[in-house]
Amino acid sequence: MALTQRLDLRQTQSLVMTPQLQQAIKLLQLSNVEVTAFVEQELEQNPLLERDEAAPDGEAPAEAAAESGDTRSAADDGPLLDSVEGAPAATTSEAPLDTDTGNMWDGDSASSLGSWGTGGSRDFDDSEFDPGESMTRPVSLRDHLMAQINVDMQDPVDRIIGSQLVDQLDDSGWFSGDIVATAEALKCEPARVEATLNLLQRLDPPGIFARSLKECLALQLRDRNRLDPAMATLLDNLELLGKREHGQLMRLCGVDAEDFAAMVAEIRALDPKPGQAFEGIVAQPVVPDVLVRPVPGGGWAIELNQDTLPRVLVNQRYYAQVTKGLTKKTDREFLAERFHAANWLVKSLHQRAQTILKVSTEIVRQQDAFFRHGVQFLRPLVLRDIASAIEMHESTVSRVTSNKFLSAPSGLYELKYFFTSAIPSSGGGEAHSAEAVRFRIKTLIDDEPAQDVLSDDKLVEMLKKDGVDIARRTVAKYREALRIPSSVQRRRDKTLGVR
C-alpha cells in the first residue's frame, strides 16, 4: 500500500476546558481564605469589579434559614459546576447574585444560601486610630531576650556577642548556630562566645539557648533546683525512656518505682520548645464555611457562613459610560473581555456557594445520627454516595470537601472527616465506620482496669460481640494510629504508675 498525503474532514466531540471553566473549578476547591485573596486580586486587576460594601436592604437574619426534619434541599434552577459543559453565557443582570436568594430553596429545605458575606471596608481616618493596638502588640522572643541582656550584662562585648547569638535561635528557642563561626565573625575567642552562651542560658524562659533536648530539659530542671544525680542519669538515657525500658532506667538511676514515676511526671511537665511561647506569627483560627444548628421539633438548619462569602458586583453603569467614549477596537475588546471576566467571576462565586451548600446538606442528612449521638454513630461514607444522591460527579464532591469546614454544636469538622471506609458487620447488618471503630477501641482501652489490660485479641473479641467483623492486624493498625502502646507496655506503665 503506497504512502500518500491527503486531506480528510472529521467531526469529533470533546469537552474544552476554557479559562473560565478552569477558574470556576479552581474556585471550588479553594478555602475561604484563598477565595478572599483571589477576589481581592481580581478587584485590583478588573476596573469593572467593585466590592459591594452596603448590606442589602431587608437582609434575612440567620434565624430565617429554612428548616426541615430530613435536611433535604430542593433541586435549584441554576446550573451547578459539574454540569457545565462549556463556558456559559455571561450574565448581564445589574443586580448582584447575592440578592433574591429565597427562591433557590423551597420550604422543605434545611438550608439557606444567605447573602454574600459581610461587605464594607475600614477607612484609615485619624478618628479611628486606636493607640491601644500598638501598645498590645505581642512581644517577640528577640525583644524579650534583648531586654534582659541589656539589664543583666554590663560588659558591652558580652552584649554584642549576645545579640549575635539571639539571632541564631530557631523557632523553638534552641541555639542552632556555630560557636566557632560566630567567634571568627566577631574576631574573638570561641571560649568567650561559649561563656556568653552559658550566661544566656540563664535567661527567661528557662531552657532557652539549649543545643539539644537533653540540655533544654536540664536547664529547666536546674532552674527548679531539681537537677540531682538521678535526674541527670535519666536525661543521659532519654532514648531508653522513649523505648519504655523502665526497669533498666530504675536500676541506672537507683530509684524505686514510686520515685521513678515522679521523675517521669516531672520530665513530662517541662517544655521542650520554650521559644514557641513568643512565636511572632499568630495562627489564624479556622473559620467554618457551613453552619449547622438544631431546630425545634427535630432536624437541622444548614446555612453558609456569610462571613466567608465575598460580596462583589459588576459596575454596569461605568461599563456603559466608558464604552460610549471608546473609538479604538483594541480598547473595546479589552473592556468587553474585562466585562465578561467580571460577570463570570460573580457567577462562579454563586455556583461555588450553591454547590458547597448542596453537598453539605446531603452530608448532614446522611450523617444525622452522628450529629445527634456522637462519633460512635458515624456512618461509612464515600464520595460516590454523596455524588449519586445530589447527581454530581465524584470529582466535584471531592473539590467541594477539600479545605472546607463545618461548624456543628458538637464541634468544628472538616468535610473530609465524614468520609470513612466501611468495616463489615459480623451479623450481616449495616457496616460500621472506621472512625467509629477507632473511637470504640480508644474507649475500651481508656476504660480497661490496670489488672486486666486488653490485648489486641481481646479487643477483637469484644468488637465482634458488638457486631464489628474486624481482624487483629486491623485493630493493631488502628491502635498504633491512635498512638496507644501495646498491651505489654500499657501493663508495665500502669504497674509503675506511669502514663
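Key figures for this structure:
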| quantity | calculated |
| --- | --- |
| Descending principal axes extents, the stretch 421-496, alpha-carbon based, whole Å | 42, 21, 18 |
| Environment charge at L415 (Cβ cut-off 9 Å; Lys +1, Arg +1, Asp -1, Glu -1) | 0 |
| Cα gyration tensor shape of the stretch 141-278, rounded if a/c is under 1.5, else prolate or oblate by comparing a/b with b/c | prolate |
| The stretch 200-295 - percent relative contact order, Cα under 8 Å, separation 6 or more | 26 |
| For the stretch 355-499, size of Cβ-based charge dipole, Lys and Arg +1, Asp and Glu -1, in debye | 440 |
| Extended-chain gain in nm, criterion 0.36 nm per residue less alpha-carbon gap, A336 and L213 | 38.0 nm |
| Length-normalised contact order of the stretch 421-496 in % [C-alpha pairs under 8 Å, at least 6 apart] | 33 |
| Stretch gain in nm, segment L3-E40, where the contour uses 0.36 nm per residue and the Cα spacing is subtracted | 7.5 nm |
| Sequence-distant lysines (8 or more away, or on other chains) whose Cα lies within less than 26 Å of K464 | K442, K477 |
| All lysines inside 17 Å of K243 as judged from Cα atoms, apart from same-chain residues fewer than 8 positions distant | K214, K494 |
| Projected label distance in nm at S455 and R226, using a 7 Å step from Cα toward the beta-carbon | 3.7 |
| Debye, to nearest 20: dipole size of the stretch 394-470, +1 on Lys, Arg Cβ, -1 on Asp, Glu Cβ | 420 |
| Per-peptide average of other Cβ atoms within 10 Å, ordering 484-493, 342-351 highest first | 342-351, 484-493 |
| Lysines whose Cα lies under 25 Å from that of K358, excluding same-chain neighbours fewer than 8 positions away | K26, K347, K404, K416 |
| Contact order relative to length of the stretch 141-278, as percent, for alpha carbon pairs under 8 angstrom and 6 or more apart | 24 |
| Within the stretch 200-223: backbone nitrogen closer than 19 Å to the R483 label point (7 Å, Cα to C-beta) | 213-214, 217 |
| Spin-label model distance (nm) - A269 vs D204, 7 Å beyond Cα toward Cβ | 1.9 |
| Extension reserve of the Q11-K328 stretch, reckoned as 0.36 nm per residue once the Cα distance is removed | 110.4 nm |
| Volume per residue of the C-alpha convex hull in the stretch 359-499, rounded to whole Å³ | 127 |
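Taken together, the values in this text are just the output of simple stated rules run on the coordinates, not laboratory data. If you're wondering where the values come from, they're calculated on a predicted model, not measured in any experiment. Note that we place each Cβ from the backbone using ideal geometry, even for glycine, and neighbour counts take in every protein chain shown.
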